[in-house]
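Colleague: Following this message is one structure expressed as C-alpha cells.
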Amino acid sequence: MPDRRWGVVATVREPLDLVLAFACHHLDMGAEVTLFFDDPEDPAAAVLDRLDGVRVIRCDAAHWAAFGWDRRPDIQTPRQNTNFRWAVARGLADWLIHLDADEFLWAPEGVWHDVDAVGDADWLAVPPWERVLAPGDTGLFAGAFRSAVEGGLADIYGDDARFLEPKGMAGYASAKPMVPALTPHLVVTHRVMGPDGPRPRRRAERMRILHFEGLTPTHWAVKQLRYAVQSERRILMRPARYAALREIIAAQDVRAAALERFDRTYRLPADTLATLSARGALHSVPFDIEGIVARHAPQVEFDATGARLDLALAPRLDELAAEVAARRGALLAVPAPG
C-alpha cells in the first residue's frame, strides 16, 4: 500500500547524545519522529528541531493548559499518556507508538510486516528485549539483548534472581502498544482499553523494542536514585524492582551501591550469557548508531562512548546519593508495594 506513514512519539528529558541517537535511529527506519520535551528549556530541543523528519514540541505551561491541566503533572506516566493520545487523535501518522528515549525499535522484516498481520485486533503489542553487557563491552550501545524467560531464574542468575522476577527482566517485560491513528480506544502505557476492558491485540512476530535500560552505570544510578527520592513513583514499581532499590537506599555508600547494582544486573559473566543463549533468551542485533547519526545529523557532534554523558550526570549522581543518605530512614519507612 503506497504512502503509508508510521511514527514514533517520545516524551524526553535525557542527554543530547541519547535523544539524538533515538531520533536518528527511527528516522533511518522510515519513521516520522515527534519529540515532546519534558523540560521546555532543554537545549537539545533546538538541536533536534533542525533535523528533517523530526517534530519538536516543548511541554511548557501552555502545553499542559491546553489539555486541561492547571500545572505540569507530577508523575511521568500521565505526561507520556497525554502526549501520546494527542498524537494519535491528531493522526500524526497512520500507525504510532510511544517509546522512552532509551527504547529503540527493531524490525528486521520492516514495520509493516507486523502491522499488516494485526488483522481484526485493535493494536500491535511490541515486546521488549533488554540490553545486557559482557565483561569487556564498552560504549552507549554495545552489548546484546535478553528476552523474557519463564521460570528457572535462579538457574540463570543465582541469588540475584529475586531482583529480576517474574520474567528475568530488570526493567519491564510487558509489550507496548502500536496503534492506528484515530483509534477510539484509550491507549495507556502497556495496553489499549475499551469501555468493557482490554481490547484485543496481536503480538508482534518480529518487531521488538530494544531497551537500553541504563546507558552507562552513572546514567542508570541517577535514574534509580531519582526514583528513590520520589516515593510515589517507587510505590508503582513491581516488588522485585523495589527490593533492589531498597538495598541501594539501605547501603552505607549509596553511590557505590547503585553503581555495583548496575554491574550485577546488566554486566553479566560469560557463563550467565551462555545460559541465556542456550535458553533462546539472548539476541544479537546489528547496531551502527554512529553511522546512522552521521547520515541524519552530520552537523551535530555525537559521542557514543558515554564519556560526555557521564561527565554531565556526575554532579547529579552525587546530589541524589547525598539526598538518599540524608533521608534514608524516611525512605526505608515507605511501605513496599504489595
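FYI, it's all coordinate maths here, none of it is from the lab. Keep in mind that this is a model prediction, so the values were computed, not measured. A quick note on method: Cβ atoms are made from the backbone with ideal geometry, for glycine too, and the neighbour counts reach across all protein chains shown.
Colleague: For F287, all conditions in the list (1) outside any loop (DSSP other than H, G, I, E, B); (2) under 26 Å from D52 (Cβ atoms); (3) in contact (Cβ under 8 Å) with a residue 12 or more places away in the chain hold save one; what is the number of the exception?
Modeller: Evaluating F287 over (1) outside any loop (DSSP other than H, G, I, E, B); (2) under 26 Å from D52 (Cβ atoms); (3) in contact (Cβ under 8 Å) with a residue 12 or more places away in the chain leaves (1) as the failure.
Colleague: Just for region 162-193: of the residues that are part of a strand (DSSP E or B) and under 18 Å from M207 (Cα atoms), which one is farthest from the chain's Cα centre (by Cα)?
Modeller: Selected residue: P180.
Colleague: Taking V222 as the residue in question, decide whether it is touching a residue at least 12 places away in the same chain (Cβ under 8 Å), part of a loop (DSSP other than H, G, I, E, B) and not polar (S, T, N, Q).
Modeller: Spelling it out, it is not the case that V222 is touching a residue at least 12 places away in the same chain (Cβ under 8 Å), part of a loop (DSSP other than H, G, I, E, B) and not polar (S, T, N, Q).
Colleague: Which ones in region 115-158 are basic (K, R) and either over 20 Å from A304 (Cα atoms) or touching a Pro at 6+ places or on another chain (Cβ under 6 Å) (or both)?
Modeller: Matches in region 115-158: R146 only.
Colleague: Would you be able to tell me the number of residues in region 137-161 that are outside any loop (DSSP other than H, G, I, E, B) and either without any contact (Cβ under 8 Å) to a residue 24 or more places away in the chain or not small (G, A, S) (or both)?
Modeller: 11
Colleague: I've got another one for you. All but one of (1) surrounded by fewer than 20 Cβ atoms within 10 Å (Cβ to Cβ); (2) closer than 28 Å to R246 by Cβ hold for T138, so report the exception by its number.
Modeller: Only one criterion in (1) surrounded by fewer than 20 Cβ atoms within 10 Å (Cβ to Cβ); (2) closer than 28 Å to R246 by Cβ is unmet by T138, namely (2).
Colleague: Same structure, new question: Name every residue in region 40-56 that is in contact (Cβ under 8 Å) with a residue 24 or more places away in the chain, within 20 Å of P15 (Cβ to Cβ) and surrounded by 15 or more Cβ atoms within 10 Å (Cβ to Cβ), in order of residue number.
Modeller: If the condition is that a residue be in contact (Cβ under 8 Å) with a residue 24 or more places away in the chain, within 20 Å of P15 (Cβ to Cβ) and surrounded by 15 or more Cβ atoms within 10 Å (Cβ to Cβ), then D42, A44, V47, L48, L51, V54 are the ones that fit.
Colleague: Shifting gears a bit: I'd like to check something: does region 235-246 contain any residue that is farther than 22 Å from Y157 by Cα, in contact (Cβ under 8 Å) with a residue 40 or more places away in the chain and either in a loop (DSSP other than H, G, I, E, B) or under 23 Å from the mean Cα position of the chain (by Cα) (or both)?
Modeller: Yes: one or more hits.
Colleague: Quick one: S284 ticks every box in (1) touching a helix residue (DSSP H, G or I) at 6+ places or on another chain (Cβ under 9 Å); (2) surrounded by fewer than 12 Cβ atoms within 10 Å (Cβ to Cβ) except a single one, so which number is it?
Modeller: Every listed condition holds for S284 apart from (1).
Colleague: While we're on this one: Within region 143-178, can you find the residues that are under 23 Å from Q76 (Cα atoms), touching a His at 6+ places or on another chain (Cβ under 8 Å) and of a type in the set (A, V, I, L, M, F, W, C)?
Modeller: If the condition is that a residue be under 23 Å from Q76 (Cα atoms), touching a His at 6+ places or on another chain (Cβ under 8 Å) and of a type in the set (A, V, I, L, M, F, W, C), then A175 is the only one that fits.
Colleague: (1) among the hydroxyl-bearing types (S, T, Y); (2) in a strand (DSSP E or B); (3) without any contact (Cβ under 8 Å) to a residue 24 or more places away in the chain: which one isn't true of T34, the others all being true?
Modeller: Every condition holds for T34 apart from (3).
Colleague: Within region 144-169, restricting attention to residues that are over 22 Å from E247 (Cβ atoms) and out of contact with any helix residue (DSSP H, G or I) (no Cβ under 8 Å at 6 or more places or on another chain), which residue is surrounded by the most Cβ atoms within 10 Å (Cβ to Cβ)?
Modeller: Applying the filter and picking the extreme gives F145.
Colleague: Picking from L273, L317, L309, which residue would you name as being over 20 Å from E103 (Cβ atoms), in contact (Cβ under 8 Å) with a residue 40 or more places away in the chain, touching a helix residue (DSSP H, G or I) at 6+ places or on another chain (Cβ under 6 Å) and in a helix (DSSP H, G or I)?
Modeller: L317
Colleague: One residue is enough: does region 215-233 have a residue meeting the conditions under 30 Å from G53 (Cβ atoms) and touching a Lys or Arg at 6+ places or on another chain (Cβ under 7 Å)?
Modeller: Yes - at least one qualifying residue is present in region 215-233.
Colleague: Scan R295, R261 and give me the residue that is assigned to a helix (DSSP H, G or I), crowded, with 16+ Cβ neighbours inside 10 Å and either aromatic (F, W, Y) or on the phi < 0 side of the Ramachandran plot (or both).
Modeller: It is R261.
Colleague: Residues to consider are M207, M169; find the one that is within 23 Å of F22 (Cβ to Cβ) and touching a residue at least 60 places away in the same chain (Cβ under 8 Å).
Modeller: M207
Colleague: Need the failing condition index for A93 against (1) within 26 Å of S174 (Cβ to Cβ); (2) within 18 Å of the chain's Cα centre (by Cα), just the number.
Modeller: Status for A93: all satisfied but (2).
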